[in-house]
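What follows is a short report on a single structure.
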There are 2 protein chains.
Amino acid sequence: MTTTPRTRLSPDERRAQLLDLGVRLLATRSLDELSIDLLAEEAGISRGLLYHYFGNKRAFHEAVVRRAADDLIAQTAPPAEGELLDRVLASVRAYVDYVVANHEGYLSLVKGAAGGNETVREIYEETRAALADRVFLEQPQGEVVPDTPAHRLVVLGWTAMTEAVVLAWIADPAGVSRDDLITVLVLSLPALVEVTP
Amino acid sequence: MTTTPRTRLSPDERRAQLLDLGVRLLATRSLDELSIDLLAEEAGISRGLLYHYFGNKRAFHEAVVRRAADDLIAQTAPPAEGELLDRVLASVRAYVDYVVANHEGYLSLVKGAAGGNETVREIYEETRAALADRVFLEQPQGEVVPDTPAHRLVVLGWTAMTEAVVLAWIADPAGVSRDDLITVLVLSLPALVEVTP
């Protein structure tokens, strides 16, 4: 966060700052619990000003979810260089850290996506597609995973598996270490690609 | 369906028959679209009698979802004998056929589970656990998948992957054949077990 006095910020900067605050608040609570009142209190500004920035509660929620999704994509970006497995490792490690650190908000995204909020569902699916696309697009040492419809399905399955496994592990690690969790998720990708026709 | 005249059925048999009808109706529509009115019309009985059997709309929906989940578990039961891979193959094939034949109702179960209906969520999780348990419990030729917390996580991940891949394939097969779909899902299980620490 900048230490520049509030009055120096442009409207866009101020809006971005409020979204950052919304994302931080969402980390430890569900979307339903993230009210305009709470944000106003935490930001020390009026509800009226927040409505000015975001229109209504639904638009505010969608803006926060989109910002959170952008953060997730940015934070899990693999390094530009290196072996495919090392790059997947960096990405999965960052993903696990992100979901642990933003557990409530992440659950809320998953639930909102399945539960009928059409915009949240779109953001969720775009995010999952962006994470899956990396497997096909960012391969500096030549294509390792062939870009076929069957491989697309399998990589989608791997992202669904990764999400389910990480959420189950957070709910109950049952003695499985973070390193073992990450290792099995990383090695799963080439193992699944291997059995794809 | 029995051809015994309606008046000969016991209340339990009649309730079961109505649930079967509810499950059939759910195959091609969402839970929200499955109303007491529709069931009454299809069954040719009064709404009042349906309320007598099921109490209220929510209880009716939960009974239908539970019956549908029981059907899924029964229809995907692997054969008692055979190699693990052949038994997984039979199970996955039946699962794909079930989801294709009951697409709307299945989607509704997944959405209801994530979207905040606590009872549907419980039924969904019990069903997924029952499907996963088979991998550990039903191995007539000796244990092949070790029953460790890490393997439990991975098998859970495999069920999540299977669900996501089958739903994505139904939405857009993209030229992937049913046989290729089933093959990759079946071979994924030992491939994932192989990389589990």
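Under the Kirkwood approximation applied to all pairs of distinct alpha-carbon atoms, what is the hydrodynamic radius of the range B:53-105 in Å?
12.5 Å
Mind checking the dipole of chain A: about its Cα centre, +1 per Lys or Arg Cβ, -1 per Asp or Glu Cβ, Debye to the nearest 20?
That gives a dipole near 700 debye.
With charges set only on the Cβ (+1 for Lys and Arg, -1 for Asp and Glu), what does the dipole of the protein assembly as shown come to about its Cα centre, in debye to the nearest 20?
The dipole of the protein assembly as shown has a size of about 1320 debye.
So what is the orientation-averaged projected area of the range A:9-69, using the convex hull of its C-alpha atoms, in nm²?
Mean projected area of the Cα convex hull: 3.7 nm².
Could you give the Stokes-Einstein D for chain B in µm² per second, using the C-alpha Kirkwood radius, 4 °C, 1.567 mPa s?
71 µm²/s
Could you compute the longest span of chain B free of GluC sites (Glu not before Pro) located in DSSP loops and having at most 12 other Cβ atoms within 10 Å, not counting the site residues?
B:1-80
Pairs of Cα atoms under 8 Å, at least six residues apart: use those to get the relative contact order of the range A:1-132, whole percent.
After rounding, I find 28 percent.
Once you compute Rg and the Kirkwood Rh from C-alpha atoms, what is the Rg to Rh ratio for the protein assembly as shown?
Reported Rg/Rh, Kirkwood definition of Rh: 1.02.
Rounded to a whole number, what is D in µm²/s for the range A:42-137 from Stokes-Einstein with the Kirkwood radius over alpha-carbon pairs (4 °C, 1.567 mPa s)?
Translational diffusion coefficient: 87 µm²/s.
Which value, in debye to the nearest 20, gives the size of the charge dipole of the range B:1-71 about its Cα centre, when Lys and Arg are +1 and Asp and Glu are -1 at the Cβ?
200 debye
Measure out, as a whole number of angstrom, how far apart the alpha-carbon centroids of the range A:21-44 and the range A:77-138 sit.
The range A:21-44 and the range A:77-138 have Cα centres spaced 22 Å from each other.
In whole Hz and in residue order, list the ³J(HN,Hα) couplings for the range B:159-175 that follow from phi through the Karplus curve 6.51 cos²θ - 1.76 cosθ + 1.60, θ = phi - 60°; x for Gly and Pro.
Values, residue by residue: 5, 5, 4, 4, 4, 5, 5, 5, 5, 5, 5, 5, 5, 7, x, 6, x Hz.
With unit charges on the beta carbon (Lys/Arg positive, Asp/Glu negative), name the residue among B:Ser30, B:Ser91, A:Val110 whose Cα is farthest towards the positive pole of the charge dipole of the protein assembly as shown.
B:Ser30
How much length is gained if the chain between A:Tyr51 and A:Asp37 is pulled fully straight, taking 0.36 nm per residue apart and subtracting their Cα-Cα distance, in nm to one decimal?
4.0 nm
Taken together, the values in this text are just the output of simple stated rules run on the coordinates, not laboratory data. Since the structure is predicted, the reported quantities are computational estimates derived from the model, not experimental observations. Because the Cβ atoms are built from the backbone with ideal geometry, glycine has one as well, and the counts that use them run over all protein chains shown.
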